[in-house]
Amino acid sequence: MLKKVFLVLSVFLLASCTLKTNLGSYLNSKAETEIRSSGVNVYGSSEIFSYQTQFLGQVETDFCQNDKLGKLPPKSKLQRTLKVKAQKMGGNGIVYNQCKAALYYNGCEKYLRCEGSVYSVTM
């Protein structure tokens, strides 16, 4: 499945080189997100301690929806962003701590914030 995704993304990336749009940068960003996030495993809060680990720090991301009728993105999208941040910190494991949603927060009609703990896990 992952090979098919990379093949399709590769074709789009090559095709986008000739286009004068932001499609190429968008696809590059999507490809980087998929590649980076695929190298980070998700663990439960008690499961992580059954491995040899080194805590690397916390990551967080948020989303602000200004449109009253708009929808918040799925938590999985924000969690993928957390995995990318974890990989950039040198981690290969993450424990999702929490995702909180709020209405009318900090100038946003709808607000979503997710957090996680990043680990380097030795198998």
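Some notes on this structure:
- A Cβ distance below 6 Å, combined with a sequence gap of six or more or placement on separate chains, defines the contacts here; from region 69-92, residues that are within 22 Å of G57 (Cβ to Cβ) reach residues that are open to solvent by less than 50 Å² (accessible area, probe 1.4 Å) and of a type in the set (F, W, Y) in the pairs G91/Y119.
- Just one residue in the set L56, L103, L72 is open to solvent by 40 Å² or more (accessible area, probe 1.4 Å) and touching a Gly at 6+ places or on another chain (Cβ under 6 Å); that residue is L56.
- For region 46-59, the set of residues classified as among the polar types (S, T, N, Q) and free of Cβ contacts under 8 Å to residues at least 60 places away in the same chain consists of S46, S50, listed by residue number.
- Checking V118, V42 one by one, the residue that is touching a Lys or Arg at 6+ places or on another chain (Cβ under 8 Å), in contact (Cβ under 8 Å) with a residue 60 or more places away in the chain and open to solvent by less than 80 Å² (accessible area, probe 1.4 Å) is V118 and no other.
- Candidates V95, V84, V5, filtered to the one that is at pLDDT below 60 and β-branched (V, I, T): V5
The values are calculated or read from the model by the stated rules, or taken from the named source; none is laboratory data. As the structure is a computational prediction, the values presented were derived from the model and not from experiment. Cβ sites come from the backbone with ideal geometry, for glycine too, and all protein chains shown count toward neighbours. For accessibility, only protein heavy atoms count, side chains too; no ligands or nucleic acids. Shrake-Rupley method; radii C 1.70, N 1.55, O 1.52, S 1.80 Å.
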